[in-house]
Amino acid sequence: MPFILTSIVGFLAYLVLTFPSGSTLGYWSKPEIGFGIAAGVIAAAIGGRLFCYYKNYRMLNPVRWVLFLIYAFGPFFIAMAKANIDVAMRVFTGKINPAIVKISPNLKTDLGITMLANSITLTPGTLTVDIDEDTNELYIHWIYAKELPAKIEDICGTFPEWVRRIAE
Amino acid sequence: MWTYIFTGSGFWNPIWWLASFVIVAIFVYSFFGSEVKAKYSPDKVKPFLSGWDEVNKDAMQVKASNIYWGFTKAMSGYYRFLDRCHTGIINDYVVWFMAVMVITFIAFITA
Amino acid sequence: MSWTEHAPILIIAAPLLVSFAIPLLEKIDYRVRNAAAVLSLAFSVWMVLIVLHKIWGSGPVVYVFGAKSAFLPLPSGFKFPVRIMLEIDNMSAFMALSGSIAAMVGVIYSWAFVREEEGGLGKYYSLFLLMAVGMLGMELTGDAFNFFVFLEIASIASFGLIAYRREDPASIEASFKYMIVSTIGAIFVLVAIGFLYGRYDALNMAYIAKHMRIGIVERIAFVLLMVSLAMKAGAVPMHMWVSDAYGRAPAAVTATLVSVSQASLYGLFRVMFSMFGVTMNNHFGGWMLIIFGLLSMFIGVTMAIVQKDIKRLMAYHAISQTGYMLLGVGVGLAVLDNPVALRSYGLAAMTGGIFHIMNHAMYKGLLFLTAGAIFYRLRTFNLNEMGGLARKMKYTTIYFIIGAAAIAGLPPFNGFASKLMIYESVYKFNPLLSVVAMVVSILTLASFVKVFHSAFLGPEISKTRDVREVPKSMVIGMGIMAVICILFGLFPGMVVKYLAGPAAVSLANQTGYISSVIGGGM
Amino acid sequence: MFYDIHYVTIVFLIALGIYAVMFQHNLIKIAIGIDILESGANLLLIVLGYRNGGVAPIFTMAPQGKSMVLPTPQALTLTAIVIGLATTALMLSLIVMLYRHYGTLDTREIRRLRG
Amino acid sequence: MGAIIWIAAIIGVTFNALGSVALLRFPDVYTRLHGATKATTFGSIFTTLAVIVYGFVRWYYDGNPKYVILAVHAIVAVVFVLITNPVSAHAIARAAHRSEIMPVRAVVDELFNDNLAKKRGGTK
Amino acid sequence: MKLGVKIAIVLLLFSFLLMGLGFMHKYGVPLKSDMDDYFINHAQKETATNNVVTSIVFDYRGFDTLGEASVLFTAVLGVVMIFREAGKK
Amino acid sequence: MKPMSKIVRTVAASIGWFVFVFGIYVIVHGHLTPGGGFQGGAVMATGVALLIVAYGGWGAERCVGKERLPVFESAGLLTFIILAFGGACLGITFFFNFLANKGGLFGDKLPLGINPGIFNSAGVIPLMNMGVGMEVLAGISLILFAMFYGTKRVREGRCLVDNEEKEEDV
């Protein structure tokens, strides 16, 4: 099952890469499709064992993908823009108050915690330094610590709820 | 014809050389080969070191470092110069290479 | 269309194919692997002989890759070559013959010399074949950039092989030093090729030679090529890597490494004669070669006398013998624009130098193999720890005597024939050079007397008590070289008439080289 | 004689590489110097093949009416880059082994072979 | 449409420039990572957005498929920049902390404290 | 003294190479382009390849590429051989 | 080298396949767009490097299989050289492009001048690209593996049989 899934995903990625290459089958030519299948199979043969390592397929649910897109273009993008402007100001003023703080977002899956950590890292001002492998607690370098001990809302807003809805 | 080589001012033929070598050897042997040879016996192989015991055979062998000792001693100034050149540091190898290249450049562009 | 038309490429492609296949062949059996390696190089020797026969019949052979016909170097209707081609004249074939024989002997010798428990044998044989391929490619190609690529193949393969005995720190060190110097040299060759490409928009050596107009760019490219290739050939004062690398490589590799260096020497001659030739200032080039040659001869041999590491001593002799070749050919280059002098002694000097190349490959290979045989039993190179081997290793002793006599130029061995030609013709050019060459020859004899005395003569010391003769494949390998030494010594006229003489003529004949590609006159 | 920034850059890179190999005593720095040298040679080839206003020599959906730069140097540079990669890989592994044997990266101490 | 492309490009370039200024202004590796990797990510999104818009617009007017190839590949590129950039920043920060480069002027370092506690607990 | 010689070598090398490139053609205006024009004009017909560089790499100068592949192969063998495990085949 | 943190591992697992797909895309489009065997092979080897960095030894071993790599490398090179030999046997000379403009596999004719590109053209060149790509993937991965395990072995002293440092007074 991971093998087939990876090959299908690889095939789709190949089709995206060779998007308007011919006109025989919609937008793709026949040899491209053949090589796309081959590429998917090869990619699955090499990387398939790790792609679905835990063998849970809840990300196949399209609702989660819609939620993910909403999240990416909605709250996440706004937060990122705000934080960027904030850091831009800090670049000029030089007003920093750095700290490495620990938060416990209570996420269980690897994908979820990864998504949260990446969201946190992508919003400037916060940077995931380390992760506790057992309890999924994140250590975050915070460029301007408002109050200590840190609250989750201060650092990542509503991200954990979104991530829980998407990935768990 | 296979054995001649011509060098511009003469020629060389190993077969002739071999033939003359063999003839001279036979000649010499016929003159001196009839001398009485000493008989071989194990006692005679032993060296006589004015009464001392023979030292270990390993120590009897003249070490390779000591052969041509006089030659190296006589040319010690030259060898000291060579030792200074052969430092064994890779940077110096490259320096020599580049130095030759630069000298050749100068020589060739001015020539 | 017979298959022998593809003989020029098969010289290179057969060992290359086998070296690619060795990781697969190794899985079958080690004997299959070794036999394939030996057979591919023997096949190469055979192909070289076929090509040589063709060259004697009908002049230089050209083989064009990927074209509609292998023998039409120019695309129809155009006046410039666009494809890579092999261009084999007498000189190339001569070098390829000497190199492929040396490589074949090296592989035969390795069969027993490199032991299975040392590990990495499949890689060893692959690298050995690749080194041979690089050497043959350098000697056969007619394309400047292709020359660079094969130079790199030969160099990188030899880096790996020199570091084969990695338990010895010195072998890694030698490999690293060789790598740094050689890579810089190769990059300068590439820069010079780039300069020539920028000027003439061509990479074919004959085409560049035909359109050569001397300017500053060409002069700088010339110096870059000359010094880099002289460094790769091991001319003093860029010789330091030679003693390290030759001294520390496995003996079978060293015997072939001599030929690989000579491929660079061939490249040097090819550049100086066929590419630049008389259009460049040939007095300057000739005198540079002569100066390199004199320095190499003298410093090489004086450094050799004081060594006590047997292979390092021989490595310094390799430098010194390279000086003879540079001297002989350099004299030929210095009088290249003077037809009278060229005919009266220039060609003889070049013939002597070129003959010396093959002789050197054979007897120096033989000497390195005997040093390897001593190492195989004693596990040391130190002359101080040897003694009395003559009684234990009869074949090795005989082969060593043959090799030493040949390198010292004692008649009737092959070294004498070529050295005699060099002495006599160089004497007419400048007597002083000839005298130096003779003095160097005497010093060579002296240092080999030293080796013979300390390794083979004398009482048997405690370390050499349990020594036996080396295995059969090593004896056979050394035997081939020794037989060639004796044959060339007894029939030098044959070699000069069929191999070295035509090679010298074809090297001096720049017009012939160009017209074999471009066709027609200059 | 007309000097151009491209040509000066090439020569500067080559001289910089030579400087590194001649003056630096650290093996890693020497390796870096050789890589810089290789970059200089590659840049030389590419610069020699440029044609003013040219586009890449690929016909797939190329712009109309533009001349193409010379393709040969690009092919040569591909080869030279791979050769540089091979050399660098081997050099770094030799440096690892040298460090294992000598316990240092200083060239002045790695001189067992001399004389 | 030209205005959108210009605005996007200008925003992107501005943030990229800010990232490099941050590299100069901030004191240690973590704070520099904030500016250098994340500000440039945001900048890259906008520059790529300009490219995407340009590609689709030219495709709409010219009909030449090479512009849509440009746009699609730019989308793929920006997706992967978004996925990989924070991970690399995280990896660098983690490596820096493991090599015991402590944050400058930090008010609190809970990771350091926790590691210390774990080490003491381990040795007991 | 030795340092001065080294610096002089680097500077001289720099100046000589710069001198050589100074006499090269002007940047962007190749002196001759016969061979490259041949490639650009004939590659599509002779090798049916759109990418002229690929047609040179694999067809006109394919032998170079074979050499290049062997160089990589050689380096791989060298690296694997240097790091081989002791006492293993 | 220990495996890196959970975040890096998860991301490496979820985009690792794309590196390989992209490498294959670069390889098989070598005759139409910039790219080719070497570049694509290097891209794919980057994926292997990613796996090695993220997972340490076992993850990459699990995916690639170190024992199979030399076979792949030889197979790629043999494909290349046998296609070149095919030029001599089926065509005219070594490296002759014996499939181009003949119809069939990769044998379509190209329109001259600027065109959108036909995938099924260029004769043996795409096949050679694939062979070279295979070789480069396996080769660079082998270099990475050899350096990864080799440095480990060197550090632990398993690489060499230690012999006494011989004193040499040359």
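Mind checking which pairs have a first residue in the range G:94-116 that is closer than 16 Å to F:Phe58 by Cβ and a second that is part of a loop (DSSP other than H, G, I, E, B) and open to solvent by 60 Å² or more (accessible area, probe 1.4 Å), Cβ under 6 Å, 6 or more apart or different chains?
G:Phe98/G:Leu90; G:Asn101/G:Lys109
Considering only the range C:38-61, I want to know if a residue exists there that is of a type in the set (Phe, Trp, Tyr), modelled with pLDDT of 90 or more and open to solvent by 40 Å² or more (accessible area, probe 1.4 Å).
Narrowing the range C:38-61 to residues of a type in the set (Phe, Trp, Tyr): C:43, C:46, C:56.
Remaining after also requiring modelled with pLDDT of 90 or more: C:43, C:46.
Then keep just the ones that are open to solvent by 40 Å² or more (accessible area, probe 1.4 Å); that gives C:43, C:46.
Yes.
In the list G:Val136, G:Val154, which residue meets the criterion of being crowded, with 18+ Cβ neighbours inside 10 Å, in a helix (DSSP H, G or I) and at pLDDT below 75?
Numbers: G:Val136 fails: at pLDDT below 75.
So the residue among G:Val136, G:Val154 that is crowded, with 18+ Cβ neighbours inside 10 Å, in a helix (DSSP H, G or I) and at pLDDT below 75 is G:Val154.
Can you name the residue in the range C:72-116 that is touching a residue at least 60 places away in the same chain (Cβ under 8 Å) and in a loop (DSSP other than H, G, I, E, B) and is also farthest from C:Met47 (Cα to Cα) among such residues?
Per the criteria, the residue is C:Lys79.
Evaluate the following for E:Leu18: is it under 29 Å from A:Trp142 (Cβ atoms) and assigned to a helix (DSSP H, G or I)?
Working: under 29 Å from A:Trp142 (Cβ atoms): yes; assigned to a helix (DSSP H, G or I): yes.
It is true that E:Leu18 is under 29 Å from A:Trp142 (Cβ atoms) and assigned to a helix (DSSP H, G or I).
Look through A:Phe77, A:Phe68, A:Phe73, A:Phe92 and report the one residue that is part of a helix (DSSP H, G or I) and either open to solvent by less than 10 Å² (accessible area, probe 1.4 Å) or closer than 19 Å to E:Tyr30 by Cα (or both). Steps first, please.
Details: A:Phe77 fails: either open to solvent by less than 10 Å² (accessible area, probe 1.4 Å) or closer than 19 Å to E:Tyr30 by Cα (or both); A:Phe68 fails: either open to solvent by less than 10 Å² (accessible area, probe 1.4 Å) or closer than 19 Å to E:Tyr30 by Cα (or both); A:Phe73 fails: either open to solvent by less than 10 Å² (accessible area, probe 1.4 Å) or closer than 19 Å to E:Tyr30 by Cα (or both).
So the residue among A:Phe77, A:Phe68, A:Phe73, A:Phe92 that is part of a helix (DSSP H, G or I) and either open to solvent by less than 10 Å² (accessible area, probe 1.4 Å) or closer than 19 Å to E:Tyr30 by Cα (or both) is A:Phe92.
Which of the residues belonging to the range C:342-388 are of a type in the set (Phe, Trp, Tyr) and more than 19 Å from the chain's Cα centre (by Cα)?
Kept after step one, since they are of a type in the set (Phe, Trp, Tyr), are these residues of the range C:342-388: C:345, C:355, C:363, C:368, C:375-376, C:381.
C:Tyr345, C:Phe375, C:Tyr376, C:Phe381 - these are the residues of the range C:342-388 that are of a type in the set (Phe, Trp, Tyr) and more than 19 Å from the chain's Cα centre (by Cα).
Suppose we filter the range D:13-46 for residues that are in contact with a Gly (Cβ under 7 Å, 6 or more places away or on another chain), open to solvent by 10 Å² or more (accessible area, probe 1.4 Å) and over 23 Å from D:Ser93 (Cβ atoms); how many remain?
Qualifying residue count for the region: 1.
With chain F as the region, which helices (runs of 4 or more DSSP H) entirely inside it contain at least 3 residues that are more than 7 Å from chain G (Cβ to nearest Cβ) and open to solvent by 40 Å² or more (accessible area, probe 1.4 Å)? Walk me through it before giving the result.
Numbers: elements: F:2-22, F:34-47, F:52-55, F:62-82.
Filter on chain F gives F:2-22, F:34-47.
Can you tell me how many residues within the range D:47-73 are touching a Lys or Arg at 6+ places or on another chain (Cβ under 7 Å) and surrounded by 20 or more Cβ atoms within 10 Å (Cβ to Cβ)?
2
Is it the case that the range G:56-64 has a residue that's without any contact (Cβ under 8 Å) to a residue 40 or more places away in the chain, surrounded by fewer than 24 Cβ atoms within 10 Å (Cβ to Cβ) and at the interface with another protein chain (Cβ under 7 Å from one of its Cβ atoms)?
There is at least one residue in the range G:56-64 that is without any contact (Cβ under 8 Å) to a residue 40 or more places away in the chain, surrounded by fewer than 24 Cβ atoms within 10 Å (Cβ to Cβ) and at the interface with another protein chain (Cβ under 7 Å from one of its Cβ atoms).
With the requirement that a residue be in contact with an Asp or Glu (Cβ under 8 Å, 6 or more places away or on another chain) and of a type in the set (Val, Ile, Thr), what does the range C:107-161 give you?
The answer is C:Thr141, C:Val149.
Among the candidates C:Met179, C:Met226, C:Met238, C:Met212, which residue alone is out of contact with any strand residue (DSSP E or B) (no Cβ under 8 Å at 6 or more places or on another chain), assigned to a loop (DSSP other than H, G, I, E, B) and either in contact (Cβ under 8 Å) with a residue 60 or more places away in the chain or within 13 Å of chain F (Cβ to nearest Cβ) (or both)?
On the way: C:Met179 fails: assigned to a loop (DSSP other than H, G, I, E, B); C:Met226 fails: assigned to a loop (DSSP other than H, G, I, E, B); C:Met238 fails: either in contact (Cβ under 8 Å) with a residue 60 or more places away in the chain or within 13 Å of chain F (Cβ to nearest Cβ) (or both).
Selected residue: C:Met212, the only one of C:Met179, C:Met226, C:Met238, C:Met212 that is out of contact with any strand residue (DSSP E or B) (no Cβ under 8 Å at 6 or more places or on another chain), assigned to a loop (DSSP other than H, G, I, E, B) and either in contact (Cβ under 8 Å) with a residue 60 or more places away in the chain or within 13 Å of chain F (Cβ to nearest Cβ) (or both).
Can you pull out the residues in the range E:34-68 that are crowded, with 21+ Cβ neighbours inside 10 Å and within 14 Å of chain D (Cβ to nearest Cβ)?
Passing the criteria: none in range.
Whether any residue in the range C:411-429 is over 25 Å from the mean Cα position of the chain (by Cα), over 30 Å from B:Ile67 (Cβ atoms) and surrounded by fewer than 16 Cβ atoms within 10 Å (Cβ to Cβ) is what I want to check.
Kept after step one, since they are over 25 Å from the mean Cα position of the chain (by Cα), are these residues of the range C:411-429: C:427-429.
Those left that are additionally over 30 Å from B:Ile67 (Cβ atoms): C:427-429.
If we keep only those that are surrounded by fewer than 16 Cβ atoms within 10 Å (Cβ to Cβ) too, we end up with none.
Checked the range C:411-429: no residue is over 25 Å from the mean Cα position of the chain (by Cα), over 30 Å from B:Ile67 (Cβ atoms) and surrounded by fewer than 16 Cβ atoms within 10 Å (Cβ to Cβ).
Could you please find all residues in the range C:201-221 being closer than 13 Å to C:Thr279 by Cβ and of a type outside the set (A, V, I, L, M)?
C:Lys210, C:His211, C:Arg213, C:Gly215, C:Glu218, C:Arg219 - these are the residues of the range C:201-221 that are closer than 13 Å to C:Thr279 by Cβ and of a type outside the set (A, V, I, L, M).
Looking at the structure I just gave you, is D:Met91 in contact (Cβ under 8 Å) with a residue 60 or more places away in the chain, open to solvent by less than 10 Å² (accessible area, probe 1.4 Å), within 28 Å of C:Ala144 (Cβ to Cβ) and within 7 Å of another protein chain (Cβ to nearest Cβ)? Can you show your working first?
Working: in contact (Cβ under 8 Å) with a residue 60 or more places away in the chain: yes; open to solvent by less than 10 Å² (accessible area, probe 1.4 Å): yes; within 28 Å of C:Ala144 (Cβ to Cβ): yes; within 7 Å of another protein chain (Cβ to nearest Cβ): yes.
Yes; evaluated as a whole, the condition is true for this residue.
So in the range C:109-128, with the set limited to residues that are more than 10 Å from chain F (Cβ to nearest Cβ) and among the aliphatic types (A, V, I, L, M), which one is surrounded by the most Cβ atoms within 10 Å (Cβ to Cβ)?
Here the answer is C:Val114.
Of all residues in the range G:139-150, which are under 9 Å from the mean Cα position of the chain (by Cα) and either open to solvent by less than 10 Å² (accessible area, probe 1.4 Å) or without any contact (Cβ under 8 Å) to a residue 12 or more places away in the chain (or both)? Break it down stepwise before answering.
Narrowing the range G:139-150 to residues under 9 Å from the mean Cα position of the chain (by Cα): G:139-141.
G:Gly139, G:Ser141 - these are the residues of the range G:139-150 that are under 9 Å from the mean Cα position of the chain (by Cα) and either open to solvent by less than 10 Å² (accessible area, probe 1.4 Å) or without any contact (Cβ under 8 Å) to a residue 12 or more places away in the chain (or both).
Please go through (1) among the hydrophobic types (A, V, I, L, M, F, W, C); (2) part of a loop (DSSP other than H, G, I, E, B); (3) in contact with a Pro (Cβ under 8 Å, 6 or more places away or on another chain) for D:Ala62 and return the number of the only condition it doesn't satisfy.
(3)
Which residue, of D:Leu70, D:Leu78, is within 12 Å of chain F (Cβ to nearest Cβ), over 14 Å from the mean Cα position of the chain (by Cα) and more than 18 Å from F:Phe16 (Cβ to Cβ)?
On inspection, the qualifying residue turns out to be D:Leu70.
Determine which member of the set C:Ala170, C:Ala163 is more than 7 Å from chain F (Cβ to nearest Cβ), open to solvent by less than 10 Å² (accessible area, probe 1.4 Å) and of a type in the set (Gly, Ala, Ser).
Answer to the check: C:Ala170.
Can you run down the residue pairs with Cβ atoms below 6 Å, 6 or more apart or on separate chains, where the first is in the range A:115-144 and at the interface with chain E (Cβ under 8 Å from one of its Cβ atoms) and among the aromatic types (Phe, Trp, Tyr) and the partner is assigned to a strand (DSSP E or B) and open to solvent by less than 20 Å² (accessible area, probe 1.4 Å)?
A:Tyr139/A:Ile100; A:Tyr139/A:Val129; A:Tyr139/A:Asp130
Which pairs turn up if I take residues in the range D:16-36 that are within 10 Å of chain B (Cβ to nearest Cβ) and look for partners that are of a type in the set (D, E, K, R) and not in a helix (DSSP H, G or I) with beta carbon separation below 7 Å, at least 6 apart in sequence or on another chain?
D:His25/D:Asp106; D:His25/D:Arg108
Considering each residue of the range E:72-104, count those that are open to solvent by less than 20 Å² (accessible area, probe 1.4 Å) and within 10 Å of the chain's Cα centre (by Cα), and give that number.
Qualifying residue count for the region: 3.
For G:Asn120, only one of the following conditions fails: (1) more than 7 Å from chain F (Cβ to nearest Cβ); (2) out of contact with any Asp or Glu (no Cβ under 8 Å at 6 or more places or on another chain); (3) not aliphatic (A, V, I, L, M). What is its number?
It is condition (2) that G:Asn120 fails.
Output the residue which, of all residues in the range C:493-517 that are under 16 Å from C:Lys419 (Cα atoms) and in contact (Cβ under 8 Å) with a residue 24 or more places away in the chain, is nearest to the other protein chains (Cβ to nearest Cβ). Outline the logic, then answer.
So the first thing to find is which residues in the range C:493-517 are under 16 Å from C:Lys419 (Cα atoms), and the list is C:493, C:495-496, C:500-501, C:504.
From the residues that got through so far, the ones that are in contact (Cβ under 8 Å) with a residue 24 or more places away in the chain too are C:495-496, C:500-501, C:504.
Working: C:Val495: 8, C:Val496: 5, C:Ala500: 9, C:Gly501: 9, C:Ala504: 13 Å.
Selected residue: C:Val496.
The values are calculated or read from the model by the stated rules, or taken from the named source; none is laboratory data. Since the structure is predicted, the reported quantities are computational estimates derived from the model, not experimental observations. In this analysis, Cβ positions are derived from the backbone assuming ideal geometry, glycine residues included, and neighbour counts consider all displayed protein chains. Keep in mind that these areas ignore ligands, DNA and RNA; they rest on the heavy atoms of the full protein, side chains included. Shrake-Rupley method; radii C 1.70, N 1.55, O 1.52, S 1.80 Å.
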